[in-house]
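Below is one structure, written out as structure tokens, with a few remarks after it.
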Amino acid sequence: MLRIVGGQVYDPAHGIDGVVQDVCIQDGRIVENVDAAPTIDASGMIVFPGGVDVHTHVAGGSINFARAMTPEDHRRTTAFIRSQTNRAGVGGMTPTTFATGYLYAGMGWTTVNEAAVPILSAKHTHEELRDIPIVDKSCCVLLANNEILLDLLEAGEMERAREVVAWQIWASKAYGVKAVNPGGVAAWKYGKNAEQLSEPVDGYHKVTPAKIVAGLAQIVDDLGLPHPLHLHCNNLGVPGNLTTTLETMQNLDGRRAHMAHLQYHAYGGDDWSTMRSEAPQLADYMNAHRNFTTDAGAVLFGDTVTITADGPWQHLLYKLTGRKWGNLDVENETGCGIVPYTYRPTNLVNAVQWAVGLELLLLIDDPWRVFLTTDHPNGACFWRYPEIIQLLMCRDFRRDCMAGQSDKALSRIHLPDIDREYTLYEIATITSAGPARALGLPRKGHLGVGADADVVIYDQDDDVARMFGHPRYVIKGGEIVIEDGDIRATPEGRGLLVRPPHDEQIEAFLRPLFEDYYTMSFDNYSVEMERIQQPEICDCIDTE
Amino acid sequence: MSLTIVDNATCAFCGCVCDDIEVHADEHKIVAAKRACILGKAWFLNHTTDKHYPDALVDGRETTVDEAVQVAADLLDRADMPLVYGMSNITCEAQREAVALAERLGGVADSHTSL
Amino acid sequence: MGGKVSCTLGEVKNRADFVLYWGGNPAECHPRHFTKYALMPKGRFVPRGRKDRTMVLVDIRETKSVKAADIFLQIRPGKDFEALSILRALVKGQHVDEKQVAETGLTLEQLTDLVDRMKRAKFGVMFFGMGLSMTRGKHMNSASILTLAAELNAYTKFVAMPMRGHGNVTGADVVMRWTTGYPFGVNFSRGYPRYNPGEFSTVDLLVRGDVDAALILGADPGATMPQPAIDHLARIPTVVLDPKVTHTSRLARVHITTAVTGISAPGTGYRMDEIPLPLRPALRSPYPTDEDVVRRIHQAVAEKPDWMAAGGQTTTTQI
């Protein structure tokens, strides 16, 4: 039991905008009232629902591959020293699992969605998720380059494809469906890509990226998944890719989709030297089409490591940078590429990318549909979110940051002309209420009765980055986990799953195909329930 | 004696980790390992439920696991820089515990990879 | 790791029309590597199986694997790095010195032919064994073959993969990476993970006498390590967990017999391509599992006073 007294509460889901009121907690949930409970005096403080990260890469084969490739970063970053109750670790670009939980909670984030899981190595992802303490976790399974599914789409067998997807979601113990460079990663298996939405994917006659996107979005809606199709479009990072992005969105024809890290998909120009921001055009489209949500995938200057299932893009990035290149193609399903990267303010392309992330956040007018992410660790590490909040809330700070940029760079972006400053209410929306709603998690992202008691309390501070980087209290499931930067408790987080019903006969269809295509036994493919920490099976919804 | 058949058993002998082995076992030993290679077969068929070895030894004296665990904890805790080494022929779950122990001890965790 | 361009074994099965083994003898060390994964099986895009693939073996001597090869290149011992460097130059069309080629024990004709075949492949794979990674040049050899594979992607699809031995050694790498950030040789003496191969690697620590107790599990260094390292293990209190009383057990203070991984101990093991697989034990062991015993030792240690001072841990600002 706990009563938070006297804080200014920001709870956008209930339209509460800085009202001083008590928040009461019992048995891990928000309740109407509690008697004789310990209190936290939050006078002069700001109370938010716990942060929700809709798109991050924190567990599984890809991030673990990146850890292997960046020991020099682990060495220079701030380490986590073991305590009598907490595990050791390293932070930095690719934090270890324990450090990941401490860093997210330390910033006030209490729910994270791992955005890219191959079924084949989903056991690995869940083993790592189990070792991320405090936060609740969900994950999205990679399906847009799954060759069994592409074959079904080629044959026009949509109904069977739907049953297969339902089976695959449960087999991987996932929460949602992710599409990465639809068709392009499959083509990458022979060193090719998929750059045209309406051209058949290499090796197919009928299946195009457009058909994969529309097919998967339809299946996700038919299955009633609480989170819409989570979509990483074709041509990520490429100058002039705005056309592809808009075509993809038009092609969805009113179906729901979450457009991942839109920053990487909002460029004009014909090549690297003419690249420019097309954020306003994309923001206009987003503003006019309410079937979409998106996350920024914002970029901050500095060192990071890029991680994506988009194998062909990573090969290009390796050729451009000449830096280390990791690649792991996953049989019949997906790929994975790793390239360390440094975003430099003096680099024209990087300067545009930095601006585009912020422009999208500032120009998309509905904070319920655009969320704060950096596509961790691609645009920047998640623990740098407070810097982005400062950029959104302080126009003068933005201007200071642009002061050193060349006229050429400034002529390619729109940020200097944007005056909008985010309010605390809007920040609470893009960091918590909005992503929770987009994920379809009814007990997250708000402080109404019945919500999970995930609450963050900030000392009011004119230095916005300091305020958001150093909460006074973080409460997870009703328990104080962080107090003034100190870790007080490290409860296990929950594993959030969905179990869309599927025809049991679908296994009879899958088994022989599997035996031909894979090198693992079909019976060893599914993730066992015992691997999920505190599993919670969430309801499917009516998407009509 | 009843025969157990484990289908899709995994051979942990070499790095191929083939998981399509059909293992036939009675209560005492493995009697067949279908689809396993010559190395895998030898490995599977080499094991029984017999107690060929004492539960535990401390300074060459047979003892209980409980006592040996306590002595091991004493020796490792007393050390300034203990080493936890090997980890090749154990499960990931055991590896995870071994790393946690090395961390608690303030020692070194290392595997065959370092050779 | 300087990077690695790789894939899971099923990609090789389904696509590889060019398969090269360098410094390995899969016929005897990984017998099903040929039959289940890389050479013989019919794949989606190589429907005739073996007939659709070219197999090249590079080794210092004729092993049993030669019989399975289309082309055997017998390289002079210790010249792997040189041969790989020449291949990298040939791939890029750079000039190579005939005298340097001759030193490798191979001819320019052989190497040029190899490069042509690599470039003509639709999907090429190079597996490398301890004959490459554990001989003169060691990790530099591994880096060189991995770089060759990466660079070949300018011409066609190419990947490379080490042939990991020793059961679940891959799992140890994977688990240590997510828990500590590093794959092996992790030092916690300052309370957080530090990594420095050569300094914190077991043989170096033992030979220098830097450790004053040891817990050995899932390995028998007493049978495999250099004598000075074994001598130090005998000098310090050593604890062994193993299904058998091993060479190391005989020089240890404590031995605890444990169940055999995968035979009578359940859990997870990783394949050489980092795919996790469940272990399904067929027997019940009279002994506890390693997992159980390590946890019990940890619990017993945890009951003692902690060397780490009490107090909360801080989520310090990251830099």
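Below is a table of values for the structure above.
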read-out	value
C:Arg32 vs. criteria assigned by TED's automatic domain parsing to the domain that holds C:Glu82, in a helix (DSSP H, G or I) and either surrounded by 21 or more Cβ atoms within 10 Å (Cβ to Cβ) or at pLDDT below 95 (or both)	yes
Listing of strands (runs of 3 or more DSSP E) fully contained in the range B:1-94 that carry 2 or more residues being out of contact with any strand residue (DSSP E or B) (no Cβ under 6 Å at 6 or more places or on another chain)	B:61-63
Among the residues listed as C:Val211, C:Val293, the single one being hydrophobic (A, V, I, L, M, F, W, C), touching a helix residue (DSSP H, G or I) at 6+ places or on another chain (Cβ under 8 Å), at pLDDT 95 or above and not in a loop (DSSP other than H, G, I, E, B)	C:Val293
Top-ranked residue of the range A:448-476 - restricted to ones that are outside any helix (DSSP H, G or I) and charged (D, E, K, R), ranked as surrounded by the fewest Cβ atoms within 10 Å (Cβ to Cβ)	A:Asp462
Pairs, first surrounded by fewer than 24 Cβ atoms within 10 Å (Cβ to Cβ) and in a loop (DSSP other than H, G, I, E, B) in the range A:293-309, second at pLDDT 95 or above and of a type in the set (D, E, K, R), C-beta under 7 Å, six or more apart	A:Leu300/A:Arg384; A:Leu300/A:Glu387; A:Phe301/A:Arg344
A:Leu229 vs. criteria surrounded by 23 or more Cβ atoms within 10 Å (Cβ to Cβ) and modelled with pLDDT of 95 or more	yes
Single residue of B:Ala100, B:Ala42, B:Ala73, B:Ala79 found to be touching a residue at least 24 places away in the same chain (Cβ under 8 Å) and either within 22 Å of C:Arg190 (Cα to Cα) or surrounded by fewer than 21 Cβ atoms within 10 Å (Cβ to Cβ) (or both)	B:Ala79
Meets criteria (at the interface with another protein chain (Cβ under 10 Å from one of its Cβ atoms), within 26 Å of A:Val47 (Cα to Cα) and in a strand (DSSP E or B)) for A:Ile482	yes
Condition broken by A:Trp313, with the remaining ones in (1) more than 10 Å from chain C (Cβ to nearest Cβ); (2) touching a strand residue (DSSP E or B) at 6+ places or on another chain (Cβ under 9 Å); (3) modelled with pLDDT of 95 or more satisfied	(3)
Residue match in the range C:203-222 (condition: in contact with a Leu (Cβ under 9 Å, 6 or more places away or on another chain), within 20 Å of B:Asp59 (Cβ to Cβ), more than 8 Å from every other protein chain (Cβ to nearest Cβ) and not aromatic (Phe, Trp, Tyr))	yes
Test for A:Asn287: is it at pLDDT 95 or above, outside any loop (DSSP other than H, G, I, E, B) and within 14 Å of another protein chain (Cβ to nearest Cβ)	no
Hits in the range C:66-92 - residues which are assigned to a helix (DSSP H, G or I) and under 25 Å from C:Met140 (Cα atoms)	C:Asp80, C:Phe81, C:Glu82, C:Ala83, C:Leu84, C:Ser85, C:Ile86, C:Leu87, C:Arg88, C:Ala89, C:Leu90, C:Val91
The range A:358-369 residues that are surrounded by 24 or more Cβ atoms within 10 Å (Cβ to Cβ), paired with ones that are in a loop (DSSP other than H, G, I, E, B) and of a type in the set (Gly, Ala, Ser) (beta carbon under 6 Å, 6 or more apart)	A:Leu360/A:Ala296; A:Leu361/A:Ala296
Of residues in the range C:115-143 being in contact with a Leu (Cβ under 8 Å, 6 or more places away or on another chain), more than 14 Å from chain A (Cβ to nearest Cβ) and surrounded by fewer than 22 Cβ atoms within 10 Å (Cβ to Cβ), the one farthest from C:Leu20 (Cα to Cα)	C:Met134
Subset of the range C:35-65 [of a type in the set (S, T, N, Q), outside any helix (DSSP H, G or I) and over 20 Å from C:Thr135 (Cβ atoms)]	C:Thr54
Evaluation of A:Ile430 against (1) of a type in the set (A, V, I, L, M); (2) under 25 Å from A:Tyr285 (Cβ atoms); (3) free of Cβ contacts under 8 Å to residues at least 60 places away in the same chain (one fails), failing number	(3)
Filter result for C:Gly105 (in contact with a Lys or Arg (Cβ under 9 Å, 6 or more places away or on another chain) and either modelled with pLDDT under 95 or not in a helix (DSSP H, G or I) (or both))	yes
Of residues in the range B:65-113 being among the acidic types (Asp, Glu) and within 7 Å of chain C (Cβ to nearest Cβ), the one nearest to C:Ile236 (Cα to Cα)	B:Asp80
Residue in the range C:229-250 that is within 13 Å of B:Thr91 (Cβ to Cβ), at the interface with another protein chain (Cβ under 7 Å from one of its Cβ atoms) and without any contact (Cβ under 8 Å) to a residue 60 or more places away in the chain present	no
Residue count, the range A:519-530 (criterion: more than 28 Å from A:Asp222 (Cα to Cα) and in contact (Cβ under 8 Å) with a residue 60 or more places away in the chain)	2
Only one of C:Met134, C:Met118, C:Met140 that is more than 30 Å from A:Leu320 (Cα to Cα) and aliphatic (A, V, I, L, M)	C:Met134
Selection within the range A:347-373 - farther than 18 Å from A:Leu317 by Cα and either within 14 Å of another protein chain (Cβ to nearest Cβ) or β-branched (Val, Ile, Thr) (or both)	A:Val356, A:Ile364, A:Val370, A:Thr373
Helices (runs of 4 or more DSSP H) contained in the range A:33-131 and holding at least 2 residues charged (D, E, K, R) and closer than 19 Å to A:Gly326 by Cβ	A:71-76
Restricting the range A:508-527 to residues that are within 13 Å of chain B (Cβ to nearest Cβ) and assigned to a helix (DSSP H, G or I), the residue that is farthest from A:Ile169 (Cα to Cα)	A:Glu515
Qualifying residue in the range A:59-68 (condition: closer than 30 Å to C:Tyr195 by Cβ, surrounded by fewer than 24 Cβ atoms within 10 Å (Cβ to Cβ) and under 25 Å from the mean Cα position of the chain (by Cα))	yes
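Here's the yes/no breakdown for (1) outside any helix (DSSP H, G or I); (2) touching a helix residue (DSSP H, G or I) at 6+ places or on another chain (Cβ under 6 Å); (3) not assigned by TED's automatic domain parsing to the domain that holds C:Gln227:
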residue	(1), (2), (3)
C:Arg177	no, yes, no
C:Pro183	yes, yes, no
C:Tyr192	yes, no, no
C:Phe200	yes, no, no
C:Leu205	no, no, no
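Okay, residues lined up against (1) more than 7 Å from every other protein chain (Cβ to nearest Cβ); (2) of a type outside the set (Ser, Thr, Tyr):
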residue	(1), (2)
C:Thr261	no, no
C:Asp273	yes, yes
C:Pro276	no, yes
C:Pro286	no, yes
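The values are calculated or read from the model by the stated rules, or taken from the named source; none is laboratory data. Keep in mind it's a predicted model, so treat the numbers as computed, not measured. Because the Cβ atoms are built from the backbone with ideal geometry, glycine has one as well, and the counts that use them run over all protein chains shown.
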